[in-house]
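Any read-out appearing in this document is the output of simple, stated calculations on the displayed coordinates, not a laboratory observation. Remember, it's a predicted structure, so these values are computed and weren't measured experimentally. Glycine gets a Cβ as well: all are built from the backbone with ideal geometry, and neighbour counts include every protein chain shown.
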Amino acid sequence: MSGVSNYKFETLKVTSPKEFVYEVTLNRPDALNSMNKEFWYEIPACFNQISADPNCRVVVLTASGRLYTAGLDLTGLGDTLTFENDMDPARIALKITNGIRDFQKTFTAIEKCDKPVIAAIHNACIGGGVDLITSCDIRYCTKDAFFQIKEVDIGLAADVGTLQRLPKIVGNDSLVRELVYTARRFQSDEALSFGLVSRVFPDRDACVSGAIEMAELIASKSPVAVTGSKVNLVYSRDHTVQEGLDFVASASWNGCMVQTKDVMEAVMASMQKSTAKFSKL
Ligand SMILES: CC/C=C\C=C\CC(=O)SCCNC(=O)CCNC(=O)[C@H](O)C(C)(C)COP(=O)(O)OP(=O)(O)OC[C@H]1O[C@@H](n2cnc3c(N)ncnc32)[C@H](O)[C@@H]1OP(=O)(O)O
């Protein structure tokens, strides 16, 4: 049975709407799901736990309340990065660098999670929200969704993933630069047109249902094959074609994983036109 009762967080809620599907909900609606100190620790804790959880094969990442996320909690900036005024510049620089690396690990934990993550975005997705969703595998949104790479408006170069991941998702360098340098809002139809999201739904309920339905379909496939596909897609994004081919053939991946019983199960089910049943990871 589902082990969601083992997930206890202040800023996140974890439920299991279907077998092998978990829903992780950003759950600080009164604070517009802004990203406070706890959030930065809880996201990696949650996704590392899910990565090793045999009861979960796919995650849907939703948010409660009227919008998806307002990004970094601007009221908690003092808690987020603190240093003493009398520290010397080199020590301050090292402390800030290490702090930023920790923030980066928050969203990298989603990318490194062995299970695919589908973001179901409604209304506003601002600043750190774009960093968050670009670390997900699949993005759906509502018609009323809008996005903003807001960092320049608060005097920052984005530093937790958008500048690194968005260009790989969108494939339009000119547009990415325009959105980053201006911090202009863009709506769901534009996000769909350049591939930030792959589907737009009329409202939040339809979006979450659509994401769960897709998650169920993915969860019906061999978890070995799905995890292997995710790991290899992420690896190949960051390497040459030849390096990607070498990786998938090597003992780190299919050199080992094609021995799985899932292959025979899937082939037999396909030939017999029945539904394959795969063991838990
Ligand atoms: C190492 C660093 C790691 C990560 C860095 C990430 C960078 C970022 O995330 S940059 C972006 C930071 N976020 C913002 O600048 C958001 C600004 N807010 C908005 O654009 C809007 O508030 C909105 C989210 C689109 C919602 O608009 P609206 O529906 O019109 O509500 P408001 O009246 O504007 O806001 C209600 C209330 O919420 C407060 N608030 C909004 N955003 C934040 C936030 N990010 N942190 C804290 N509080 C926020 C806003 O001030 C209002 O408060 P009142 O007390 O009611 O006035």
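The spacing between segment 42-121 and segment 165-217, judged by their C-alpha centroids, is 20 Å. In this structure, the residue pairs whose Cα-Cα separation is over 18 Å, taken from K115/K230; K18/K273; K18/K115; K8/K37; K221/K280; K168/K221, are K18/K273; K168/K221.
Just to be sure I understand: of the beta bridges DSSP finds with both ends in the chain, what percent are antiparallel, rounded to 5? Once the DSSP bridges in the chain are tallied, antiparallel ones form about 25 percent.
Compared with the direct C-alpha span, the chain from S274 to R66 gains 70.7 nm at full extension, assuming 0.36 nm per residue. Loop-resident trypsin sites (Lys or Arg not before Pro) (DSSP state other than H, G, I, E or B) in segment 17-107 with no more than 14 further Cβ atoms inside 10 Å of their Cβ: R66. Shown is the FRET efficiency for I154 and Y235, computed with R0 = 30 Å from the Cβ-Cβ distance and rounded to the nearest 0.05: 0.35. The Cβ shell under 12 Å around L61 holds other residues with a net charge of +1, Lys and Arg each +1, Asp and Glu each -1. Taken about its Cα centre, the chain carries a charge dipole of roughly 700 debye when the Cβ of each Lys and Arg holds +1 and the Cβ of each Asp and Glu holds -1. Counting only Cβ charges, +1 for Lys and Arg and -1 for Asp and Glu, the dipole size of segment 223-272 around its Cα centre is about 100 debye. Spatially, segment 225-243 and segment 257-271 are offset by 21 Å when compared through their Cα centroids. Residues within the reach of a label modelled at D102 (point 7 angstrom out along Cα to beta-carbon, backbone nitrogen below 18 Å), restricted to segment 34-50, are 35-48. In the chain, taking the dipole from charged Cβ atoms about the Cα centre, the farthest positive-side position among V267, M35, A120 is held by V267.
Counting other Cβ atoms within 10 Å as a rough exposure proxy, the listed residues M214, M35 run M214, M35 from fewest neighbours to most. Among complete DSSP H helices in the chain, those whose alpha-carbon atoms stretch at least 18 Å along the helix's long axis and whose mean Kyte-Doolittle hydropathy reaches -1.0 are 37-51, 89-112, 204-219, 223-237.
Packing, taken as the mean count of other beta carbons within 10 Å per residue, orders the peptides 186-198, 263-275 from highest to lowest as 186-198, 263-275.
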